[in-house]
1. Look at the range 13-47 and say how many of its residues are open to solvent by 50 Å² or more (accessible area, probe 1.4 Å), within 14 Å of Arg118 (Cβ to Cβ) and in a helix (DSSP H, G or I).
2. Of these, Ser135, Ser122, which one is under 25 Å from Leu107 (Cα atoms), out of contact with any His (no Cβ under 6 Å at 6 or more places or on another chain) and open to solvent by 10 Å² or more (accessible area, probe 1.4 Å)?
3. Kindly indicate the residue of the range 182-201 that is in a loop (DSSP other than H, G, I, E, B) and touching a Lys or Arg at 6+ places or on another chain (Cβ under 9 Å) and also nearest to Gln46 (Cα to Cα) among those meeting that condition.
4. Scan the range 144-199 residue by residue and report those that are open to solvent by 20 Å² or more (accessible area, probe 1.4 Å) and among the acidic types (Asp, Glu).
5. Output the qualifying pairs, or none if there are none: Cβ atoms under 9 angstrom, residues six or more apart or on different chains, first residue in the range 152-177 and more than 17 Å from Gly19 (Cβ to Cβ) and of a type outside the set (Phe, Trp, Tyr), second residue open to solvent by less than 40 Å² (accessible area, probe 1.4 Å) and in a strand (DSSP E or B).
6. Can you name the residue in the range 73-100 that is closer than 23 Å to Ser122 by Cα, modelled with pLDDT of 85 or more and in contact with a helix residue (DSSP H, G or I) (Cβ under 8 Å, 6 or more places away or on another chain) and is also most open to solvent (accessible area, probe 1.4 Å) among such residues?
7. Exactly one condition in (1) free of Cβ contacts under 8 Å to residues at least 24 places away in the same chain; (2) not in a strand (DSSP E or B) is not met by Leu210; state its number.
8. Working carefully through the options Leu103, Leu147, Leu143, find the one that is touching a strand residue (DSSP E or B) at 6+ places or on another chain (Cβ under 7 Å) and in contact (Cβ under 8 Å) with a residue 24 or more places away in the chain.
Amino acid sequence: MSEVDFRMSGAPLSLSFSGCGFLAIYEIGVIQGLLDQAPVILQSAQKVYGASSGSIIAAAVVCKLSLDDVQKCFYEAAKDTRRTIFGPFSPGCNMVWTLQKELYQILPENSHQMATGRLFISLTRFVDGQNVMVSEYHSKKELIQALICSCFLPVYVGFIPPSFQGVHYVDGALSNLQPHSDLEAAITVSPFTGEIDICPRDCPAGFYSLHIMHSSFQFSIENLCRLGYAIFPPNSQFS
């Protein structure tokens, strides 16, 4: 974790969780660390942003979900990918349905009210690839639809994109991997080494870094391995 001055300005504080597939488990660990060491950061964040699987982590913060329940949500989805030899590309794999079922179980009935105005979910509009940030939800079902849209990586999880408020969207990380506003003091979180506030620190400072989709990614063997784990969760971590 980098040394971040959380008192750096009078600007509103926000949190941003990057898209990271099954490495969302890392972001769950970050939340637990903040709960243990600096709970005021989670409590005072006026806006919590998330893209792809990071949107579920952001929802966990805003809706005060049990981290064990959120972890189970990803474990169940991971199990679904390992049922056949082709993993998520198998016709019998339906991670979207698994995630949706788990979210209905763990989100409270008033989750849409808790999320409106505070939870900002990154979506990629299917028709033109433009990024859309949504923060208003009229029901628990609508909130879950937004989360599913943000996690829908075409081909990987299916071919027909889901919809939110009548518009089809796909994975929010495709257009904004690390969503936040430049008008706020944002604490960014990612399981990939890069120019991020909270992330693994296992590469030399001078390592080549790629800036893509509003985020930073350092080229290293470790990061490439993490990328593989994000898509194909290993048995040792998802038993």
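The values are calculated or read from the model by the stated rules, or taken from the named source; none is laboratory data. All figures in this text were calculated on a predicted structure; none of them were measured in a lab. Every residue, glycine as well, gets a Cβ built from its backbone with ideal geometry; the counts of neighbours run over all protein chains shown. SASA here: full protein model, heavy atoms, side chains in, ligands and nucleic acids out. Shrake-Rupley method; radii C 1.70, N 1.55, O 1.52, S 1.80 Å.
1. Of the residues in the range 13-47, 2 are open to solvent by 50 Å² or more (accessible area, probe 1.4 Å), within 14 Å of Arg118 (Cβ to Cβ) and in a helix (DSSP H, G or I).
2. Of the residues listed, the single one that is under 25 Å from Leu107 (Cα atoms), out of contact with any His (no Cβ under 6 Å at 6 or more places or on another chain) and open to solvent by 10 Å² or more (accessible area, probe 1.4 Å) is Ser135.
3. Restricting to residues being in a loop (DSSP other than H, G, I, E, B) and touching a Lys or Arg at 6+ places or on another chain (Cβ under 9 Å), the top hit is Glu184.
4. Asp182, Glu184, Glu195, Asp197, listed by residue number.
5. Qualifying pairs under 9 Å: Ser163/Tyr169; Gln165/Val134; Val167/Leu123; Val167/Val132.
6. The residue in question is Gln100.
7. Unmet condition: (2).
8. One residue alone meets the criteria, Leu147.
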